[in-house]
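Peer 1: Before anything else, here's the structure in question.
Derivation of every value follows stated rules applied to the coordinates shown; laboratory data play no part. Here the structure is a predicted model, which means the values were calculated and not measured. Cβ sites come from the backbone with ideal geometry, for glycine too, and all protein chains shown count toward neighbours.
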Amino acid sequence: MSIATNANTANEAIIEFRNAGYRLPDGQVLLKNVNLTVGRGETLVFLGRSGAGKTTALKLINRLIDPSEGEVRIEGRSTRDWDPIELRRHIGYVIQETGLFPHYTVEQNISLIPRLEKWPAARIGPRVQELLTLVGLDPAHFMERYPHELSGGQRQRVGVARALAADPPILLMDEPFGALDPLTRTEIRGEFQALQRRLGKTIVIVTHDTSEALLLGTRIGLVEAGELKGLYLAREFLRSNEPVASAYVAQLHALEVFEKDK
Amino acid sequence: MNAIEFFSRHGSEIAEATLEHIWLVGATMLLSVAIGIPLGILVARRPWLSKPILGSANIAETIPSLALLGFLLPVPWLGARADRITITALTLYALLPIIRNTAAGITGVDPAVREAARGMGLTSRQILLKVELPLSISTILAGVRVATVLTIGVATIAAAVGAGGLGEFIFRGLAMVNNQLILAGAIPAAALALTADFLLSLLERRLRPAR
């Protein structure tokens, strides 16, 4: 059943890369000739080593950078034709260090975009409470706190709440759980999976963690040396015989060998 | 005649000179903050402007203060009034610490925070006003504090062109070889500098963002 749903919704491309590439002004190529589409409600994971070009691909989506070749289309419109501010407010953005504003309380961090979008105050208050509850933080306890008073996991949750504040249909996450300790990471990942199913957002995640890619992604895009080396459904990925993919899968199985020895 | 007697006898004169001094310093600081902070922002935003702007401010800093007043005398409009020349010269001195600290404060903002602000769809004006300036306010104020203390000291030379202030006593004392007169200018000037330093450091601490 889930396959059928995927097939139907995949027809409606929310994000589309067409021969998209990015080159630095000095000529160094960070990304070349990427072609892919992400359908509504789908979660695509860019998996690859550090410096492979994953983050570059992500930044092309919210137009933090413009493609040097080809184009990226969001809801059928090239990012070049979007007003960058309008586009970015349409897309939630979560980064590894969360980038929470240290001089704002949790409440002010989350409500910033709704305030800039001139939502009525009567709508903002309840929205902040709703979001904090959604990411598993007690609003009464956390609204007035500053980021430096929170643990890494709590900051990450606030980062997700902030990205969701104005209810954007698309969510971008750059190594969202990378800075967390392994136990907290597993916990938050689990919660995020539940959230993902509930919200039905179109999500693009960047990670170098294979298990994270498999847990969160409906599809996995392997990025190496600035190229998209392959695009797999999450369950295909485990069985793939292609050398690039199997290297990641082998890394995943490294621990099992250790368990057998025991 | 002991010092206490001297100060009580010349009390009103000293008070008047102190007020003149405060006016010169106050006007200078308003002007240099109004010019220095935008220039500092410009330096932070356009690194290629950093050399010409900081370089010019640096050169102004190296001109001996009396000579600078002399250079400004023949300038039309400015040269017509002593306080105009003084305030202009003092402003040129006060600019460097303000420009430098504003630029340092803004470039020192955590890149992840700026990146998040941009990614969330803040305009560059909103990033400046809501993120960069609030986060660098204590660094900027530190520059203003240094500039204020510096200006209070240098403002004593205003008397050389007849703009008044506490320098009057110092110049008169020097001419008459009268240490009490020199102290009548120097002590209030030092007290002003210490007070300004203290008040601004309080403000700086209050505005420092939590980390």
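Peer 1: What is the list of residues in the range B:87-121 whose amide nitrogen lies under 12 Å from a point 7 angstrom out from the Cα of B:Ala27, following Cα to Cβ?
Peer 2: Within reach of a label on B:Ala27: B:87-91.
Peer 1: Between A:Trp119 and B:Ile187, what is the label-point separation in nm under the 7 Å Cα-to-beta-carbon projection?
Peer 2: 6.3 nm
Peer 1: Kindly work out what percent of the DSSP beta bridges joining two residues of the protein assembly as shown are antiparallel, to the nearest 5.
Peer 2: Approximately 50 percent, going by the DSSP bridge assignments.
Peer 1: Hey, another quick one. Please go through the range B:50-123 and write out the trypsin sites (Lys or Arg not before Pro) that DSSP classes as loop and that have at most 16 other C-beta atoms within 10 Å.
Peer 2: Listed in order of number, the matching sites are B:Arg81.
Peer 1: Mind jotting down the three principal axis lengths of the protein assembly as shown based on Cα atoms? Whole angstrom, largest first.
Peer 2: 102, 53, 49
Peer 1: Here's a follow-up. In 10 Å bins starting at 0, how do the alpha-carbon pair distances of chain B split up by percent?
Peer 2: For chain B, the pair-distance distribution reads 8, 29, 29, 19, 10, 4, 1, 0.
Peer 1: If amide H atoms are built 1.01 Å from N in the plane of the peptide, which residues on other chains or at least 5 residues away come under 5 Å of the amide H of A:Leu171?
Peer 2: Excluding prolines and chain starts, which carry no amide H, the hits are A:Gly92, A:Thr202, A:Ile203, A:Val204.
Peer 1: Still on this model: Most mobile of B:Val33, B:Val149, B:Val113 per a Gaussian network model of chain B (Cα springs, under 10 Å)?
Peer 2: B:Val113
Peer 1: Something else now. As an exercise, find the ratio Rg/Rh for the range B:79-173 from alpha-carbon atoms, using the Kirkwood inverse-distance average for Rh.
Peer 2: Reported Rg/Rh, Kirkwood definition of Rh: 1.23.
Peer 1: Apply 1/(1 + (r/R0)^6) to the Cβ-Cβ distance of A:Gln129 and A:Leu238, taking R0 = 60 Å, and write down the FRET efficiency to the nearest 0.05.
Peer 2: Plugging the Cβ-Cβ distance into 1/(1 + (r/R0)^6) gives 0.90.
Peer 1: Hey, quick one: spin label on B:Asn179, modelled 7 Å out along Cα-Cβ, who in the range B:1-31 has an amide N within reach, i.e. under 18 Å?
Peer 2: Residues B:1-7 qualify, since their backbone N sits under 18 Å from the label point.
Peer 1: Would you compute, from DSSP H runs of 4+ residues alone, the mean residue ellipticity of chain A at 222 nm, taking -39500 (n - 2.57) per run and dividing by the full residue count, rounded to the nearest 500?
Peer 2: That comes out to -13000 deg cm²/dmol.
Peer 1: Taking Rh as the Kirkwood radius computed over C-alpha pairs, what is the Stokes-Einstein D of chain A at 37 °C in a medium of viscosity 0.692 mPa s, expressed in µm² per second?
Peer 2: After rounding, the answer is 170 µm²/s.
Peer 1: Same structure, new question: Within the set of other residues whose C-beta is less than 11 Å from the C-beta of B:Ile127, count the net charge using Lys and Arg as +1 and Asp and Glu as -1.
Peer 2: +3
Peer 1: Pop the C-beta distance of B:Glu13 and B:Thr123 into the FRET formula with R0 = 45 Å and round what comes out to the nearest 0.05.
Peer 2: Efficiency, from the Cβ-Cβ distance: 0.25.
Peer 1: What nm distance separates the two modelled labels at A:Leu215 and A:Glu69, each placed 7 Å from Cα along Cα→Cβ?
Peer 2: 3.7 nm
Peer 1: Arrange A:Glu107, A:Glu86, A:Glu130 by Cβ neighbour counts within 10 Å, fewest through most, would you?
Peer 2: Fewest-to-most Cβ neighbours within 10 Å comes out as A:Glu86, A:Glu130, A:Glu107.
Peer 1: Given the DSSP H assignment, sum -39500 (n - 2.57) over each helix run of at least 4 residues in chain B and divide by its residue total; what's the result at 222 nm in deg cm²/dmol, nearest 500?
Peer 2: Here the helix-only value at 222 nm equals -25500 deg cm²/dmol.
Peer 1: Another question, then. With just the Cα atoms defining each centre, how far is the range B:1-44 from the range A:11-31? Give it in Å.
Peer 2: Taking the Cα centre of the range A:11-31 as reference, the centre of the range B:1-44 is 59 Å away.
Peer 1: At 15 Å minimum axial length over the Cα atoms and a Kyte-Doolittle cut of 0.0, report the qualifying DSSP H helices in chain B, or say none.
Peer 2: B:11-45, B:50-62, B:82-107, B:133-154, B:179-207
Peer 1: What is chain B's relative contact order, in percent, from Cα pairs under 8 angstrom and six or more apart in sequence?
Peer 2: 26 percent
Peer 1: Please tell me which of these pairs span more than 29 angstrom C-alpha to C-alpha: A:Lys54/A:Lys118; A:Lys59/A:Lys229; A:Lys54/A:Lys201?
Peer 2: Cα-Cα > 29 Å for A:Lys54/A:Lys118; rest within.
Peer 1: Still on this model: Based only on Cα atoms, what mean projected area does the convex hull of the range B:25-126 have, in nm²?
Peer 2: So the mean shadow area of the Cα hull is 7.7 nm².
Peer 1: Quick one: Cα centre-to-centre distance for the range B:83-100 and the range A:126-205, in angstrom?
Peer 2: Spelled out, the Cα-based centre of one part sits 49 Å from the other.
Peer 1: If you split all Cα-Cα distances of the range A:112-262 into 10 Å bins from zero, what percentages do you get per bin, shortest first?
Peer 2: Computed distribution, short to long bins: 9, 33, 31, 17, 8, 1, 0.
Peer 1: When averaged across all projection directions, what area in nm² does the alpha-carbon convex hull of the range B:89-132 cover?
Peer 2: If I average the Cα hull's projected area over directions, I get 3.4 nm².
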